[in-house]
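Undergrad: Can you keep this structure in mind? I'll have questions shortly.
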Amino acid sequence: MMAAPKAPVLGGSAKDVTLEEGVFGAEVKPHLVHETVRAEQNAARAATRGGKSRGLVAGGRAKPWRQKGTGRARAGTTRAPHWTGGGMAFPPNNRNFDSKVNRKARKAALRSALSAHAQSETIGVLEASGFDAPSTKAAVELLGSWGKDLPVLVVAQPEEEALIKSFRNLDRVVVTVPAELEVQHVVWARSLLVSEGALEQVQGRAS
């Protein structure tokens, strides 16, 4: 039987905290992670690329010349696709890139991404009380003493302002809150830091 996953507590007392085994000790399913990350990225696409067909471009109402007797090819409008200033033949329009991933699969993907960090020992728990006031210097020192690779994802509660302000200006460090945590954030990060206050919420989102 495998031991329950643990993570070191940083920024305060030197100890380990036991993580919820159902969330951080789950089987890693790469196909679910890939599917969910792709869905999250598609949802963020603006999908605003577009063009005008011959019916949308301005002008072209009058027939440019009479039907017969000119020696030229007949033409009914100056806004046909082969005319300069004409519309596009098959213009791109607003496209919906959304792909559906059900809630059960999303939770499984998040568990997989979190478990991968637990298995690699690249997850740490932040003691928010160690940041009474914003201090970028203290954040740099903490990351240096931890010794894990960048980029780092920091998950903290919105009210933990001192902690958030300490990390948010660091290069290759992204700070988010549990309600906005996405699988792509966890996969992108080489290391993961979760505050003690946010840990329960993160586990709740994945279970």
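The values are calculated or read from the model by the stated rules, or taken from the named source; none is laboratory data. Note that this is a predicted model, so its numbers are computed, not measured. Here the Cβ positions follow ideal geometry from the backbone for every residue, glycine too, while neighbour counts run over all protein chains shown. For accessibility, only protein heavy atoms count, side chains too; no ligands or nucleic acids. Shrake-Rupley method; radii C 1.70, N 1.55, O 1.52, S 1.80 Å.
Undergrad: What list of ³J(HN,Hα) values in whole Hz, one per residue of segment 124-138 in order, does the Karplus curve 6.51 cos²θ - 1.76 cosθ + 1.60 (θ = phi - 60°) give from phi, with Gly and Pro shown as x?
TA: x, 10, 8, 8, 4, 5, x, 10, 5, 9, x, 8, 5, 4, 5
Undergrad: With +1 on the Cβ of every Lys and Arg and -1 on the Cβ of every Asp and Glu, and nothing else charged, how large is the dipole of segment 36-110 about its Cα centre, in debye rounded to the nearest 20?
TA: 220 debye
Undergrad: Looking at [x] 16.0, 48; [y] 16.5, 51; [z] 27.2, 95, which value of Rg and Dmax of the Cα atoms in Å comes from a calculation on the structure shown?
TA: Correct label is [z].
Undergrad: At a 10 angstrom cut-off on C-beta neighbours, averaged per residue, how do the peptides 19-27, 54-62 rank from highest to lowest?
TA: 19-27, 54-62
Undergrad: Also, quick follow-up: Would you grab the residues whose amide H sits under 5 Å from the one on LEU10? Only those 5+ places off in sequence or on another chain, please, with H modelled 1.01 Å from N.
TA: HN-HN under 5 Å from LEU10: VAL125, LEU126, GLU127.
Undergrad: Next question, about the same structure. Express in nm, to one decimal, how much length is gained between ASP149 and TRP188 on full extension, taking 0.36 nm for each residue of separation and deducting their alpha carbon distance.
TA: Length gained, ASP149 through TRP188: 12.9 nm.
Undergrad: With the dipole of the chain worked out from charges on the C-beta (+1 for Lys and Arg, -1 for Asp and Glu) around the Cα centre, which of GLN41, GLY55, LEU143 lies farthest toward the positive end?
TA: GLY55
Undergrad: Given only helices, namely DSSP H runs of n ≥ 4 each adding -39500 (n - 2.57), what is the per-residue ellipticity at 222 nm of the chain, to the nearest 500 deg cm²/dmol?
TA: Per the formula, -10000 deg cm²/dmol.
Undergrad: Report, to the nearest whole %, how much of the accessible area of the chain belongs to carbon and sulfur atoms, 1.4 Å probe, protein only.
TA: Solvent-exposed carbon and sulfur of the chain make up 49 percent of the total.
Undergrad: Given R₀ = 30 Å, FRET efficiency for SER207-GLU121 by Cβ-Cβ distance, to 0.05?
TA: Once rounded, the FRET efficiency stands at 0.90.
Undergrad: Between ALA75 and VAL174, what is the FRET efficiency for a Förster distance of 41 Å, r being their Cβ-Cβ separation, to the nearest 0.05?
TA: Taking R0 as 41 Å, the efficiency between ALA75 and VAL174 is 0.10.
Undergrad: In degrees from 0 to 90, rounded to the nearest 10, what is the angle of the helix 103-120 Cα long axis to the longest principal axis of the chain?
TA: 50 degrees
Undergrad: Separate question: Specify the inter-centroid distance of segment 77-108 and segment 119-148, based on alpha-carbon positions, in whole Å.
TA: First find each Cα centre; the distance between them is then 45 Å.
Undergrad: Right, something else. Excluding ligands, DNA and RNA, what is the solvent-accessible area per residue of the chain at a probe of 1.4 Å, expressed in Å²?
TA: Per-residue accessible area for the chain comes out at 61 Å².
Undergrad: Output wanted: per-residue J couplings in Hz (rounded whole) for segment 29-42, from phi through Karplus 6.51 cos²θ - 1.76 cosθ + 1.60, θ = phi - 60°, x for Gly and Pro.
TA: 10, x, 5, 6, 4, 4, 4, 6, 4, 4, 5, 5, 5, 5
Undergrad: Give me the distance in nm between label points sitting 7 Å out from Cα along the Cα-to-Cβ direction at TRP65 and ALA43, one decimal.
TA: The modelled label-to-label distance comes out at 5.8 nm.
Undergrad: What residues have an amide H closer than 5 Å to that of VAL175, excluding those fewer than 5 places away on the same chain, when H is modeled at 1.01 Å from N in the peptide plane?
TA: Those qualifying (amide H under 5 Å, at least 5 residues apart or on another chain) are VAL154.
Undergrad: Hey, what did segment 1-140 get for relative contact order, percent, Cα under 8 Å, at least 6 apart?
TA: 38 percent
Undergrad: While we're looking at this one, here's another question. Pick out, from GLN119, ALA75, ALA105, the residue whose Cα sits farthest towards the positive end of the charge dipole of segment 22-121, with +1 on the Cβ of Lys and Arg and -1 on the Cβ of Asp and Glu.
TA: Looking along the dipole axis, the top candidate is ALA75.
Undergrad: How far is it, in nm, from the label point at GLU159 to the one at ALA89 when both lie 7 Å from their Cα along the line to the Cβ?
TA: If labels sit at GLU159 and ALA89, their model points lie 6.3 nm apart.
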